[in-house]
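The values are calculated or read from the model by the stated rules, or taken from the named source; none is laboratory data. Since the structure is predicted, the reported quantities are computational estimates derived from the model, not experimental observations. Note that we place each Cβ from the backbone using ideal geometry, even for glycine, and neighbour counts take in every protein chain shown. Surface accessibility is based on the protein's heavy atoms, side chains included, excluding ligands, DNA and RNA. Shrake-Rupley method; radii C 1.70, N 1.55, O 1.52, S 1.80 Å.
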Amino acid sequence: EVCRELWCLSKSNRCVTNSIPAAEGTLCQTGSIEKGWCYQGECVPFGTWPQSIDGDWGPWSIWGECSRTCGGGVSSSIRHCDSPAPSGGGKYCLGERKRYRSCNTDPCPSGARDFREKQCADFDNMPFRGKYYNWKPYTGGGVKPCALNCLAEGYNFYTERAPAVIDGTQCNADSLDICINGECKHVGCDNILGSDAKEDRCRVCGGDGSTCEAIEGFFNDSLPRGGYMEVIQIPRGSVHIEIREVAMSKNYIALKSEEDDYYINGAWTIDWPRKFDVAGTAFHYKRPTDEPESLEALGPTSENLIVMILLQEQNLGIRYKFNVPISRTGSGDNEVGFAWNHLPWSECSATCAGGLQKQEVVCKRLDDDSIVQNNYCDPDSKPPENQRACNTEPCPPEWFIGDWSECSKTCDGGMRSRTVLCIRKIGPSEEETLDNTNCFTHRPVEKEPCNNQSCPPQWVALDWSECTPKCGPGFKHRIVLCKSSDLLKTFPAVQCQEESKPPVRIRCSLGRCPPPRWVTGDWGQCSAQCGLGQQMRTVQCLSYTGQASSECPETLRPPSMQQCESKCDNTPISNTEECKDVNKVAYCPLVLKFKFCSRAYFRQMCCKTCQGH
């Protein structure tokens with residue numbers, strides 16, 4: 001489409017583009033427009049200026065799979081701004097592109113593994129810096145609540161194993177809020193995302209605070225010699241527990257059971273401040289360096305507990321407060337009874353294609369019908385939750401939009417596609433595919449261009465040169481250039497990544513070179529002008545390149561001197577002027593000295609020197 005991206009044919013018959021649209025007013029043609037011009041990136045009928053069209057949202061996709069099987073997960077649904085897509089400078093859609101809803105909110109079975117703990121344990125079989133560890137959740141200070149930080153069991157370090165936990169993971173142990181896309185989102189006490197349902201002071205969801213009473217007090221007794229001393233007993237079912245020193249001291253808060261089993265700071269051993277899982281709830285023991293120590297828990301507790309103080313100096317005072325369940329008595333001083341009751345039917349979980357309605361089971365007081373904590377009723381007699389189908393009629397047809405495929409190219413313009421089907425949901429987990437004409441809204445696009453940005457410069461290697469030298473080990477060379485992705489421009493080498501540069505020289509060999517050989521020169525002139533003499537020549541050991549070498553075998557060395565004979569002139573010497581020493585002979589004085597002048601050869605060669613002797 002020329003109005004979105006102008007392509008040109010280069011001199012080398014290659015299609016190239018700068019990913020820039022054609023200029024406004026450029027002639028164009030489409031399947032429905034025989035003659036048009038480009039206007040704001042679109043081909044419109046020639047001579048017209050279409051009005052801008054604001055984008056509008058397409059239909060929501062079907063809800064995705066729940067992130068958890070129990071304990072409150074989330075599923076998501078998305079929509080696209082394509083009904084219609086903005087054009088002519090129109091505005092993009094405003095509002096949520098992705099939505100979430102709670103799912104599988106029923107509590108997990110008793111004893112089920114903590115969801116965050118399971119995510120850490122999934123890394124047990126993956127090496128970390130070359131070693132294997134058993135990972136446990138780390139939720140201490142200084143970390144993001146929705147990042148998966150895990151502590152190496154038995155080692156004094158933790159690390160972030162994933163930037164975000166799985167959707168539906170609780171932000172922290174004392175909150176119902178959950179993580180979605182790495183962010184903490186509010187969840188009501190009914191485990192519904194975004195719900196306004198709140199716990200009362202007794203931790204009853206939607207309650208009025210009438211099922212518990214507040215216990216508060218101040219303890220400042222001391223023992224003269226120090227030791228453990230009881231502060232207060234916390235009954236079973238207590239909630240919102242706070243134990244706090246009024247001033248910093250050398251004393252320590254301790255916690256034990258009715259059977260004298262210490263959970264925190266027992267046997268004169270001081271525990272590090274941290275979270276303790278005790279009596280069905282999490283106690284947070286804090287001991288800052290600049291503040292008095294404290295012990296807090298949300299509750300409810302599953303057993304009776306006793307708060308102690310380990311005295312090592314004068315007790316300056318401890319404040320405590322918590323809420324305990326009310327055990328009201330009726331006439332005759334008999335305890336009021338409690339019974340399981342079904343709540344009214346909930347809203348249908350789906351507007352069509354079959355949803356579910358539930359009747360939740362709660363524990364109620366028999367005298368005033370108020371909802372109380374479940375531990376007041378007998379767990380063995382709890383009836384099952386009622387369920388029934390609702391809104392079973394099929395849903396209206398809608399577009400199913402799949403995820404975009406990977407782009408066919410990482411740069412220089414590719415295409416991506418997705419599945420678009422007209423479907424109708426006819427059951428909770430059953431859909432049927434219809435003809436596209438049954439979906440009345442604008443059909444979302446199936447293909448679109450992607451990654452239109454230019455590719456970064458790349459190395460381009462030219463052909464290798466011939467191997468030099470012609471035999472033996474040598475090298476091949478080539479030129480490597482930094483070029484644009486269309487190969488039309490050459491850039492300075494610094495614009496390409498040095499570490500990915502192809503080699504410019506490699507070793508090579510065209511076979512073994514011939515061995516060095518003896519090379520002889522021409523024979524020189526005979527040393528005697530008359531009779532026997534000697535003549536010389538050069539003998540050299542040369543490699544195949546003509547360089548001097550010492551690797552020729554001496555046994556094959558040619559001779560560098562040989563005997564020779566020159567014909568003598570028979571004309572007698574007529575006078576002394578014609579009698580002279582041969583120029584080439586330098587040993588005439590020695591001939592005279594050793595009395596060789598009597599010999600014909602030396603007398604001839606040294607005529608002048610031997611004259612008269």
The range 242-294: number of residues that are small (Gly, Ala, Ser) and within 17 Å of residue 141 (Cβ to Cβ): 2
Evaluation of residue 502 against (1) of a type outside the set (Ser, Thr, Tyr); (2) in contact with a strand residue (DSSP E or B) (Cβ under 7 Å, 6 or more places away or on another chain); (3) closer than 30 Å to residue 419 by Cβ; (4) exposed (fewer than 13 other Cβ atoms within 10 Å of the Cβ) (one fails), failing number: (3)
Cβ-Cβ under 9 Å pairs, at least 6 apart or on other chains, the range 533-555 side under 30 Å from residue 602 (Cα atoms) and open to solvent by 80 Å² or more (accessible area, probe 1.4 Å), far side aromatic (Phe, Trp, Tyr) and at pLDDT below 90: 536/523
Confirm whether residue 172 is in contact with a Ser or Thr (Cβ under 7 Å, 6 or more places away or on another chain) and surrounded by fewer than 17 Cβ atoms within 10 Å (Cβ to Cβ). yes
Cβ-Cβ under 7 Å, sequence separation 6+ or interchain: first residue in the range 148-173 and at positive phi, partner open to solvent by less than 70 Å² (accessible area, probe 1.4 Å). Which pairs? 168/67; 168/68; 168/72; 168/73; 168/74; 168/178
Please work out if residue 420 is open to solvent by less than 70 Å² (accessible area, probe 1.4 Å) and within 26 Å of residue 62 (Cβ to Cβ). yes
What's the total number of residues in the range 412-451 that are touching a residue at least 40 places away in the same chain (Cβ under 8 Å), in contact with a Cys (Cβ under 8 Å, 6 or more places away or on another chain) and among the polar types (S, T, N, Q)? 2
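For every residue, the table says whether it meets (1) part of a loop (DSSP other than H, G, I, E, B); (2) at pLDDT 90 or above; (3) under 20 Å from residue 446 (Cβ atoms); (4) open to solvent by less than 70 Å² (accessible area, probe 1.4 Å).
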{"position": "30", "(1), (2), (3), (4)": "yes, no, yes, yes"}
{"position": "47", "(1), (2), (3), (4)": "yes, no, no, yes"}
{"position": "51", "(1), (2), (3), (4)": "yes, no, no, no"}
{"position": "55", "(1), (2), (3), (4)": "yes, no, yes, yes"}
{"position": "63", "(1), (2), (3), (4)": "yes, no, no, no"}
Determine the pairs where a residue that is surrounded by 12 or more Cβ atoms within 10 Å (Cβ to Cβ), located within the range 510-530, has a partner that is among the small types (Gly, Ala, Ser) and part of a strand (DSSP E or B) with Cβ atoms under 6 Å apart, the partner being 6 or more residues away or on another chain. 526/533; 526/566; 527/533; 528/566; 529/566; 530/566
Turns out the strands (runs of 3 or more DSSP E) fully within the range 93-211 with at least 1 residues that are among the polar types (S, T, N, Q) are 98-103, 148-152, 158-162
Which one of these is assigned to a loop (DSSP other than H, G, I, E, B) and open to solvent by less than 60 Å² (accessible area, probe 1.4 Å): 485, 454? 485
Can you name every residue in the range 353-394 that is part of a loop (DSSP other than H, G, I, E, B), under 30 Å from residue 438 (Cβ atoms) and open to solvent by 20 Å² or more (accessible area, probe 1.4 Å)? 391, 392, 393, 394
Inside the range 211-250, the number of residues satisfying the requirement of being closer than 18 Å to residue 302 by Cα, open to solvent by 20 Å² or more (accessible area, probe 1.4 Å) and not hydrophobic (A, V, I, L, M, F, W, C) is 6
Scanning the range 457-480 for residues that are in a strand (DSSP E or B) and within 18 Å of residue 16 (Cβ to Cβ), the one most open to solvent (accessible area, probe 1.4 Å) turns out to be 458
Picked from the range 425-437 (must be under 14 Å from residue 350 (Cα atoms) and either more than 36 Å from the chain's Cα centre (by Cα) or modelled with pLDDT of 85 or more (or both)), the residue least open to solvent (accessible area, probe 1.4 Å) is 427
Any chance residue 4 is among the basic types (Lys, Arg), touching a Pro at 6+ places or on another chain (Cβ under 7 Å), open to solvent by 70 Å² or more (accessible area, probe 1.4 Å) and in contact (Cβ under 8 Å) with a residue 60 or more places away in the chain: yes
